[in-house]
There are 2 protein chains.
Amino acid sequence: MDQRVDTRSRILNIAEAAVLEKGFEATSIEEIVAGAEISRGGFFYHFKDKNALARAMLERYIDAENALYDDLFARARELNDDPLHCMLIGLKLLAEMLEEMPTGHPGCVIASTAYQDRLFDEGVRDLNRQAILGWRKRFRGMFEEIAQVYEPREAVNMDALGDMVSGVVEGGLVLQRALREHNNASEQIMLFRTYLKLLFADKK
Amino acid sequence: MDQRVDTRSRILNIAEAAVLEKGFEATSIEEIVAGAEISRGGFFYHFKDKNALARAMLERYIDAENALYDDLFARARELNDDPLHCMLIGLKLLAEMLEEMPTGHPGCVIASTAYQDRLFDEGVRDLNRQAILGWRKRFRGMFEEIAQVYEPREAVNMDALGDMVSGVVEGGLVLQRALREHNNASEQIMLFRTYLKLLFADKK
DNA sequence: GGTCAACTGGACTCGCAGTACAGTCAGGAT
DNA sequence: ATCCTGACTGTACTGCGAGTCCAGTTGACC
């Protein structure tokens with residue numbers, strides 16, 4: 001069996017693990033090629049430079065995250081058809097998933113690149129932006145569905161509320177990374193869940 | 001007047017601006033010394049290495065942030081003695097402050113270092129940790145005061161609620177950095193404010 | 001006049017990104 | 001059977017930035 005079948009994916013796997021553990025800049029091409037058991041030349045054959053690697057990693061990561069959300073809320077919908085309860089179940093599943101990761105969540109590539117963005121070119125930054133806007137749209141849509149059934153007790157900006165899902169996750173990951181604790185992100189999500197329960201308590 | 005009176009502070013000012021703009025790794029000592037109009041030798045006279053610079057920057061930043069919170073909530077307390085309203089006013093002031101910064105908030109050094117932490121030594125990481133734990137304690141105390149007067153409608157973990165202030169700010173800053181928008185952090189704070197209003201609606 | 005803190009300036013090592021390019025090797029097309 | 005191409009290997013080189021070493025300068029104060 002030829003190990004070379006998918007060298008590109010192997011590079012991405014190794015690079016992603018290293019980048020999530022210690023950041024993009026601290027990850028050298030040297031150690032990536034050592035891990036993937038290829039030569040430096042081989043690396044540059046697949047990726048023009050470190051920017052191209054970053055772009056590919058982000059694309060993969062975002063696709064995976066979107067697939068995860070799709071799956072999570074599809075499962076939630078199966079359990080309960082009410083849009084509010086679907087959201088609450090989905091968030092619970094998300095929190096559980098974050099908690100189950102023994103070493104804590106790898107940490108979001110989005111934040112990691114956002115804070116080093118001068119290192120990256122316009123393409124990378126745009127991918128980042130589009131991903132967050134995508135999540136805004138996704139959650140905004142879900143909240144609007146909820147608001148059709150439940151009267152919000154306080155007026156809220158729906159875009160901002162959509163962003164709050166991403167923000168709470170990102171913020172929680174920052175905390176857990178800095179504190180070296182394991183469940184801050186999941187706790188923050190659970191707190192956000194009680195927010196939604198309070199906000200959408202009254203059926204129309 | 002001797003410009004050299006406080007070279008160390010000048011280095012820190014220039015470094016902080018550069019680091020907040022483009023990240024720690026992307027900021028070279030070369031450009032710092034150029035900006036501060038000193039020699040490379042002069043830089044290393046003041047700071048043993050880049051880690052020492054990072055530590056000094058973090059210390060200064062954390063002190064400034066603590067002073068800002070002290071001032072903000074002291075002003076809020078003057079306006080209203082009720083602990084809940086004091087918190088709500090303080091958060092409003094914080095949101096306004098974030099909004100008034102024309103280029104957006106410089107971005108929190110905490111998150112920036114959290115995601116590049118392998119670059120830094122234990123001292124830097126510990127400073128980071130202590131700062132967040134300090135904020136947890138500060139806000140937890142304030143929420144406990146509130147809970148003595150108002151019955152929370154839902155049971156919440158007070159440590160997690162304290163962390164949520166930091167988390168919402170950090171998360172908002174990540175979003176606004178990645179999206180290149182200007183008011184995400186302040187919007188997230190305002191949303192968190194309505195959370196508190198809903199949570200602590202009933203006086204004991 | 002001597003001491004010390006706060007530098008300057010230059011030379012050097014090291015690690016890493018990125019370039020260049022010549023050569024290898026397996027598999028499919030012709 | 002031969003040729004071509006894609007996926008590499010290996011080596012050598014440039015250039016940049018961090019960090020070290022150190023000898024020398026300058027101004028302040030004692």
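Among the residues of the stretch A:148-191, count how many are free of Cβ contacts under 8 Å to residues at least 60 places away in the same chain, over 18 Å from B:Gly162 (Cβ atoms) and outside any helix (DSSP H, G or I).
Summing the residues that are free of Cβ contacts under 8 Å to residues at least 60 places away in the same chain, over 18 Å from B:Gly162 (Cβ atoms) and outside any helix (DSSP H, G or I) in the stretch A:148-191 gives 7.
Among (1) among the small types (Gly, Ala, Ser); (2) surrounded by fewer than 12 Cβ atoms within 10 Å (Cβ to Cβ); (3) within 14 Å of DNA strand C (Cβ to nearest atom), which single condition is B:Ala67 missing?
(3)
Would you mind telling me which numbered condition in (1) more than 12 Å from DNA strand C (Cβ to nearest atom); (2) assigned to a helix (DSSP H, G or I) A:Gly41 fails?
The number of the failed condition is (1).
Across the stretch B:1-11, what is the number of residues that are more than 12 Å from DNA strand C (Cβ to nearest atom) and within 26 Å of the chain's Cα centre (by Cα)?
0
Might you let me know whether the stretch A:90-98 holds any residue that is more than 16 Å from DNA strand D (Cβ to nearest atom) and over 23 Å from A:Phe200 (Cα atoms)?
Yes: one or more hits.
Residues of the stretch A:160-204 being of a type in the set (S, T, N, Q) and at the interface with chain B (Cβ under 7 Å from one of its Cβ atoms), which ones? Give the derivation first.
Step one: of the stretch A:160-204, the residues of a type in the set (S, T, N, Q) are A:166, A:176, A:183-184, A:186, A:188, A:194.
Across the stretch A:160-204, the qualifying residues are A:Ser166, A:Asn184, A:Gln188, A:Thr194.
If you check A:Thr27, A:Thr7, which single one turns out to be away from DNA strand D (no atom under 15 Å from the Cβ) and outside the structural domain of A:Ala178 (by TED's automatic domain parsing)?
A:Thr27
Being more than 8 Å from DNA strand D (Cβ to nearest atom) and either more than 26 Å from the chain's Cα centre (by Cα) or crowded, with 18+ Cβ neighbours inside 10 Å (or both) is the filter here, so list the residues in the stretch B:33-44 that pass it.
Of the stretch B:33-44, the ones more than 8 Å from DNA strand D (Cβ to nearest atom) are B:33-39, B:42-43.
Passing the criteria: B:Val33, B:Ala34, B:Ala36, B:Glu37, B:Ile38, B:Ser39, B:Gly42, B:Phe43.
Can you name the condition, by its number, that B:Ala111 falls short on among (1) closer than 19 Å to A:Met164 by Cβ; (2) within 8 Å of chain A (Cβ to nearest Cβ); (3) surrounded by 20 or more Cβ atoms within 10 Å (Cβ to Cβ); (4) modelled with pLDDT of 90 or more?
The number of the failed condition is (4).
Among the candidates A:Ala34, A:Ala54, A:Ala15, single out the residue that is within 15 Å of DNA strand C (Cβ to nearest atom) and within 14 Å of another protein chain (Cβ to nearest Cβ).
Testing whether each residue is within 15 Å of DNA strand C (Cβ to nearest atom) and within 14 Å of another protein chain (Cβ to nearest Cβ) leaves just A:Ala54.
Consider B:Leu127 against the criteria (1) more than 8 Å from chain A (Cβ to nearest Cβ); (2) within 29 Å of B:Pro83 (Cβ to Cβ); (3) in contact (Cβ under 8 Å) with a residue 12 or more places away in the chain: it satisfies all of them except one. Which criterion is unmet?
Condition not satisfied by B:Leu127: (2).
Within the stretch A:114-142, take every residue that is aromatic (Phe, Trp, Tyr) and at pLDDT 95 or above and give me the one that is nearest to A:Arg75 (Cα to Cα).
Step by step, filter the stretch A:114-142, then rank; the result is A:Phe139.
Quick one: would you say B:Met142 is in contact (Cβ under 8 Å) with a residue 24 or more places away in the chain, more than 12 Å from chain A (Cβ to nearest Cβ) and assigned to a helix (DSSP H, G or I)?
Criteria met by B:Met142.
The values are calculated or read from the model by the stated rules, or taken from the named source; none is laboratory data. For clarity, every value in this text was computed on a predicted model and none was experimentally measured. Here the Cβ is made from the backbone with ideal geometry for all residues, glycine too, and neighbour counts use every protein chain on show.
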